[in-house]
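The values are calculated or read from the model by the stated rules, or taken from the named source; none is laboratory data. Since the structure is predicted, the reported quantities are computational estimates derived from the model, not experimental observations. As a convention, Cβ positions derive from the backbone with ideal geometry for all residues, glycine included, and neighbour counts pool all protein chains shown. In case anyone asks, the SASA skips ligands and DNA or RNA and just uses the protein heavy atoms, side chains included. Shrake-Rupley method; radii C 1.70, N 1.55, O 1.52, S 1.80 Å.
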Amino acid sequence: MDDQSQSKRKSKQRNDATAAASSSIPSNSNQSGNELTIEYFQMQLILDYLLRIAFNSNDHEELITMCYEQFNHDHNELRMLREFKTNYSSSRALWWYLQECFLYKILNYSLESQDIHNLFLFRGILHDIEQQFQQHRCSTPLHVYRSQLLPIELLDKWISSVGQCIAINSFLSATTNHEVALTFLNTNQGIKENHERVLLEIDADPRITGSKPFVQVNSLNFSGDKNEILFMFGSIFLINSITCGNNGIYTIELTLYSDTDHEFKQVFDDMKKKYNDKQMNLLTFGQILYDLDRFDEAEEYINRYVEELPTDHVDTIQCYQLLGSIAAARLDFETGLTWYNKALEYQMRRAGRSLDIKIADTHESIGDLYWKQGSYDYALKHYTTSLDIKTRSLPSQHPSIAATFENLGRLYESKQDFSQALSCFQRASTIYRRLSTPSQDKITQIEEHMQRISHYLK
C-alpha cells in the first residue's frame, strides 16, 4: 500500500467521528474509580470463546455472501471482495483490515455494535488478526495521538468519567506524530453538528499486566505509515484529564490500562474456568450465551448446531435440553415442555434402560415446568419418576436425591398437602446435613421451608 492511499485511509478514519467512540462508559456517578460495565466483560468473554470455534469453508462462503449483500452496488468494493475471496491468507489479516475496503467497514461496525452474528462470521479473520497482534506487539512504551470529532453527548460522559476507565469496542488507530494528528483539527472542514474536536493523547506501556496489545504498523512486513499505531479491540484506557484550549480543541489524556482490578473480573474468570476444558463448538458457545442471559443468540446457535448434526447424534439431546431451558427462561412453558419431551424421547431410545441418571434429570426439568404451570399432578408424576430412578441408581445420601425431595416438598406445599411437604423437606434436610461438605445456605433454606410448613400444620 503506497503512502498516498495510506494517507487517504487515515484522513477518512480521522473524519469518522464514531470510528473509535463506541465505548463502555460508566453512567452511574456513584461508581468507584476504575469501574467498567458488566457488558464489557460479557463481550470480552463472548469474543474469547468465539475465536476458539473452528472456521470452515462454509463459514467463509457465508461471510463472502454477507459482504456481497452489503456492497453489491459498489464496483470497487466488489473488486476487493473478489480478491479477498481468492487471495486471503492468515498472514495478511491485518493488511486486509488496513485497506480502505469492505472488511474494515463491516468489521469495525460489527465490533462497535457488538453484532454477534457478524462477528461469528468474522471470527476466523479476528483470530488471525489477534495472532498477528501477539506476534508483532510493541514491547516499548509509546506516547501517541489521535484526533477526531467526538459527539458532545459522549464527550460529556467522558468528562464525568475522569479518573475512571473506558473500553473501546473496536480497533483504535493513532500516530506517534503530533503534527499529523493536529492537521485535521486545525481546519473547520468536515466538522459535524453536535460534535467537538478532540485530541487524544495516549500513554501506552505494553508492560502493564493484562493490557491489550498494540502494534506499530510498519512492523508488519508490508509497507505502511511508519508513525501509525493500532490498538487491539477491547482496549481499556484510564481517563487522566480533559481540558479545553483557547482554540476550542479538547485534549483528553489517556493511559492504556487493564481489567485486572475490576469487580466483575473474577466472575468472568470463574466462567472461563468452567468452559476452558471443553471443546469449543456451537453447542458450548450456545451454553455460554445462555449463561449470560443472551437467549435469542443462544437459540440461534443451538439451532444452527442441530441442523449440522447427523441423525441421532448424542449432542442432539443436550441441544433439546438447552432449547427447553431457553424457552423456560422466557416463561414459554409449552415450548419448553416440547423440547424437554423431545430430549426425553431421544434419551429413552438411546439409553436402552430407564435407570440412566440423565433421564431422571430430564424428568425433573419437565416436572419443574408443570409445577410452574400449575399442573401439579403431571409435575408429581415426573418428580416421582425422577426420584425412583435416582434412588435405584445413586447412593442413598446423594445430594441429587435431596434436591428431588426438596422439589417434591415445594410441590406438595403448592397442593396444600402440608404433611407430605414437611416429610419431603425433612428427608432432604437429613441428606444435606450428612454430606461431607454440607452447604449451610442450603440447610438454612430447608429449615425455613420446614418452619413455614409447621406453621400451617398447627
Here are some values of percent of Cα pairs over 43 Å apart: (1) 9; (2) 15; (3) 32. Which one was computed from this structure?
(3)
Relative contact order computed over the chain (Cα-Cα under 8 Å; 6+ residues apart), in percent:
12
Summing -39500 (n - 2.57) over every DSSP H run of at least 4 in the chain, dividing by its residue total and rounding to the nearest 500, the 222 nm mean residue ellipticity is -18000 deg cm²/dmol
Nearest 10, in degrees from 0 to 90: the angle of helix 75-87 to the longest Cα principal axis of the chain is 60
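Here are some pairs, 381/415; 372/415; 105/226; which of them have Cα atoms lying more than 19 Å apart in this structure?
Check vs 19 Å cut-off fails for 105/226.
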The aspartates and glutamates whose Cα lies under 13 Å from the Cα of residue 85, excluding any fewer than 8 residues away in the same chain, are 59, 61, 62, 77
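According to the square roots a ≥ b ≥ c of the eigenvalues of the Cα gyration tensor, what is the shape class of the range 217-283, taking rounded for a/c under 1.5, prolate for a/b larger than b/c otherwise, and oblate for the remainder? Intermediate values should be presented prior to the final figure.
On the way: a/c = 3.85, a/b = 1.51, b/c = 2.55.
It comes out oblate by the Cα gyration axes.
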Relative to the chain, whose Cα atoms define the longest principal axis, helix 57-70 and its Cα axis are tilted in degrees, nearest 10, by 60
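Please give the charge dipole size of the range 216-375, origin at the Cα centre, charges +1 on K and R Cβ atoms and -1 on D and E Cβ atoms. Round to the nearest 20 debye.
Numbers: 15 positive and 26 negative charges, 71 e Å.
It works out to roughly 340 debye.
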Farthest towards the positive end of the dipole of the chain, among 305, 185, 215 and with Cβ unit charges of +1 on Lys and Arg and -1 on Asp and Glu, lies the Cα of 305
For residue 212, list the aspartates and glutamates whose Cα falls under 15 Å from its own Cα; do not include residues on the same chain fewer than 8 positions away.
48, 130, 203, 259, 261
Given points 7 Å out from each Cα along the Cα-Cβ axis, report the residue 193 to residue 351 separation in nanometres with one decimal.
6.6
When the chain is fully extended, how far beyond the present Cα-Cα distance does residue 331 get from residue 205, taking 0.36 nm per residue of separation?
40.5 nm
Dipole size in debye (nearest 20) for the range 307-448 around its Cα centre, Lys and Arg Cβ +1, Asp and Glu Cβ -1?
500
What angle, in degrees between 0 and 90 and rounded to the nearest 10, separates the Cα long axis of helix 282-291 from the longest principal axis of the Cα atoms of the chain?
80
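What number comes out for accessible area per residue over the chain if the probe is 1.4 Å? Units Å², please.
Working: 21750 Å² over 458 residues.
Normalised by residue count, the accessible surface of the chain is 47 Å².
Which three semi-axes in whole Å describe the equivalent ellipsoid of the range 157-199, each the square root of 5 times a Cα gyration tensor eigenvalue, listed largest first? Walk me through the numbers on the way to the answer.
On the way: eigenvalues 95, 52, 24 Å².
In descending order, the three semi-axes are 22, 16, 11 Å.
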Residue 455 versus residue 113: modelled label distance in nm, points set 7 Å from Cα along the beta carbon direction
5.3
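Taking 10 °C and 1.306 mPa s as the conditions, I'd like the Stokes-Einstein D for the range 250-329 in µm²/s, using the Kirkwood hydrodynamic radius from alpha carbon pairs.
Numbers: Rh = 14.8 Å.
Answer from the Stokes-Einstein relation: 108 µm²/s.
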Calculate the dipole size of the chain relative to its Cα centre from +1 charges on Lys and Arg beta carbons and -1 charges on Asp and Glu beta carbons; express the result in debye to the nearest 20.
1060
With the crude spin-label approximation of a point 7 Å out along Cα→Cβ, what separation in nm comes out for residue 267 versus residue 142?
3.4
